[in-house]
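Participant: Sharing a structure with you now.
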Amino acid sequence: MNPHQRETILAGVAGAVLAGLTGRILGVGRWATVVGLTSGLIVGRRGVYDWRSPRGVIAFVADHTWALSTTTSGLIAMGANRLTDAGYEPSLSHRQNRMVYRRGFVLRRGFAVTFGNVVNGAADIDGRFDDSRRELVTVHEETHVWQARIFGPVYPLVYGLWFAGGSVVGMAKWLMSDRSRSLANTIEVHAYYRNPFERHAYGRQGVSTPADSRER
């Protein structure tokens, strides 16, 4: 057995055990074990985690326990990616504790999206993958990856509730304004750009947003 095969098997077993124990607490042990095994085998085969770094070990443990729900969403995203030429990007994935795709399922063209430890849409609309897009992954999307690990199941819940509430607030503000800005733009500012998770990610990236200009 070569080191690559050994890592695949050990990561699969470890993922299954960690996820299974977590799922057992919630009464979904079998489902969680399957998710953990599948995830572990994939990340082991691809050499995703940096096992020599405490950060890499923590990332693996978090992804298969506290952040298991977002890891599940990442597996679903990878399943969808297999239906298209998503373009897996090893240079931003190998030993970097995440899996990055140049294309894949995204919510908006030109915007990358992160599902657990999976980043889709790393390339721009034209398919180019320059230094600015790499920085988008290594700073902005990496922040989202760790937000999911730190906040676990709370992360998608709060993100979704903020988006829904922000949409309502944006619509109300647009109705009460002079409507010089479009409804879509107003909703986007409140539902997306003012989301605390996005503000944190954009802040780390050092990029100003429409929400910043509104506050000046």
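Participant: How do the helices (runs of 4 or more DSSP H) wholly within the range 165-216 filter down when requiring 3 or more residues that are in contact with a helix residue (DSSP H, G or I) (Cβ under 8 Å, 6 or more places away or on another chain) and among the charged types (D, E, K, R): which remain? Can you show your working first?
Facilitator: On the way: elements: 183-188, 196-205, 210-215.
Correct list: 196-205.
Results for (1) under 23 Å from Phe115 (Cβ atoms); (2) not hydroxyl-bearing (Ser, Thr, Tyr), shown as yes or no for each residue.
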| position | (1), (2) |
| --- | --- |
| Gln147 | yes, yes |
| Ile150 | yes, yes |
| Pro156 | yes, yes |
| Tyr159 | yes, no |
| Gly166 | yes, yes |
| Gly170 | no, yes |
| Thr186 | no, no |
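Participant: Going through Ser69, Ser91, Ser53 one at a time, which residue ends up being assigned by TED's automatic domain parsing to the domain that holds Val145, among the hydroxyl-bearing types (Ser, Thr, Tyr) and in contact with a Pro (Cβ under 7 Å, 6 or more places away or on another chain)?
Facilitator: Values: Ser91 fails: in contact with a Pro (Cβ under 7 Å, 6 or more places away or on another chain); Ser53 fails: in contact with a Pro (Cβ under 7 Å, 6 or more places away or on another chain).
That would be Ser69, the only listed residue that is assigned by TED's automatic domain parsing to the domain that holds Val145, among the hydroxyl-bearing types (Ser, Thr, Tyr) and in contact with a Pro (Cβ under 7 Å, 6 or more places away or on another chain).
Participant: Quick check, is Arg103 farther than 13 Å from Gly12 by Cα and either within 17 Å of the chain's Cα centre (by Cα) or of a type in the set (Gly, Ala, Ser) (or both)? Even if it seems obvious, please write down each step before you answer.
Facilitator: Working: farther than 13 Å from Gly12 by Cα: yes; either within 17 Å of the chain's Cα centre (by Cα) or of a type in the set (Gly, Ala, Ser) (or both): yes.
For Arg103, the condition - farther than 13 Å from Gly12 by Cα and either within 17 Å of the chain's Cα centre (by Cα) or of a type in the set (Gly, Ala, Ser) (or both) - is met.
For (1) modelled with pLDDT of 95 or more; (2) more than 22 Å from Glu198 (Cα to Cα), each residue gets a yes or a no:
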site: Tyr49; (1), (2): yes, yes
site: Val57; (1), (2): yes, yes
site: Trp66; (1), (2): yes, no
site: Leu83; (1), (2): no, yes
site: Asn97; (1), (2): yes, no
site: Arg108; (1), (2): no, no
site: Val118; (1), (2): yes, no
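Participant: Now for a different question. Write out, first by first residue and then by second, each pair whose Cβ atoms fall under 8 Å of each other, whose residues are 6+ apart or on separate chains, and whose first residue, in the range 193-216, is at pLDDT below 85 while the second is among the β-branched types (Val, Ile, Thr).
Facilitator: Partner pairs satisfying both residue conditions: Pro210/Val189; Ala211/Val189; Arg214/Val189.
Participant: Taking the condition surrounded by fewer than 20 Cβ atoms within 10 Å (Cβ to Cβ) and of a type outside the set (Ser, Thr, Tyr), does Ala19 pass?
Facilitator: no
Participant: Does Gly27 satisfy the condition of being surrounded by fewer than 22 Cβ atoms within 10 Å (Cβ to Cβ) and modelled with pLDDT under 95? So that I can check it myself, show each step before the final result.
Facilitator: Numbers: surrounded by fewer than 22 Cβ atoms within 10 Å (Cβ to Cβ): yes; modelled with pLDDT under 95: no.
Judged against the criteria, Gly27 is not a match.
Participant: Hey, among Leu18, Leu37, Leu68, which residue is out of contact with any Asp or Glu (no Cβ under 8 Å at 6 or more places or on another chain), over 16 Å from Arg149 (Cα atoms) and of a type in the set (A, V, I, L, M, F, W, C)?
Facilitator: Leu37
The values are calculated or read from the model by the stated rules, or taken from the named source; none is laboratory data. On a predicted model such as this, the values are computed, not experimentally measured, just so you know. Cβ atoms come from the backbone with ideal geometry, glycine included; neighbour counts cover every protein chain shown.
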